[in-house]
Every structure is written in structure tokens, then in C-alpha cells.
Amino acid sequence: MGTIKRTTRRVAGKTKEVIAEVVGDGKLQEEAKAEQRKREDEDKEPSELNPLGNLHRLT
């Protein structure tokens, strides 16, 4: 996934979380947190451009 797309998804998720907090919608807030955890897991996966992931950090 591209850096711009990843950043856009993070901003959208954070915005959703903040709106849910301001409005006081617990269900929406939990949904936003679940999406954020999903994105964090996706970020840990190696991208198509770098199939070895963070292997360079081990050396």
C-alpha cells in the first residue's frame, strides 16, 4: 500500500475517532479503534515493493 494512501486512511480513522468522542457515540468510537488496529496490522505486513519487510533492520 502506498504511503499517501496509508496516511490518508490514518487521518480518516483519527478524524472518525475524534468525532465519535465529541458526539459521545461509543459504538462509533469502538469501530474507529478497531479500524485503527486493523491498519496497524496491515502496516506491519511487507508491501509489494519490499517483500522482505524490515529485514534490513536486522543487519
- Is there a residue being surrounded by 13 or more Cβ atoms within 10 Å (Cβ to Cβ), of a type outside the set (Gly, Ala, Ser), in a loop (DSSP other than H, G, I, E, B) and modelled with pLDDT under 65 anywhere in segment 1-20? yes
- Item | All positions within segment 26-39 that are surrounded by 14 or more Cβ atoms within 10 Å (Cβ to Cβ) and over 13 Å from the mean Cα position of the chain (by Cα) | Leu28, Gln29
- Lys44 at pLDDT below 80 and among the basic types (Lys, Arg): yes
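The values are calculated or read from the model by the stated rules, or taken from the named source; none is laboratory data. Small disclaimer: the values here were computed from a predicted structure and weren't measured. As a convention, Cβ positions derive from the backbone with ideal geometry for all residues, glycine included, and neighbour counts pool all protein chains shown.
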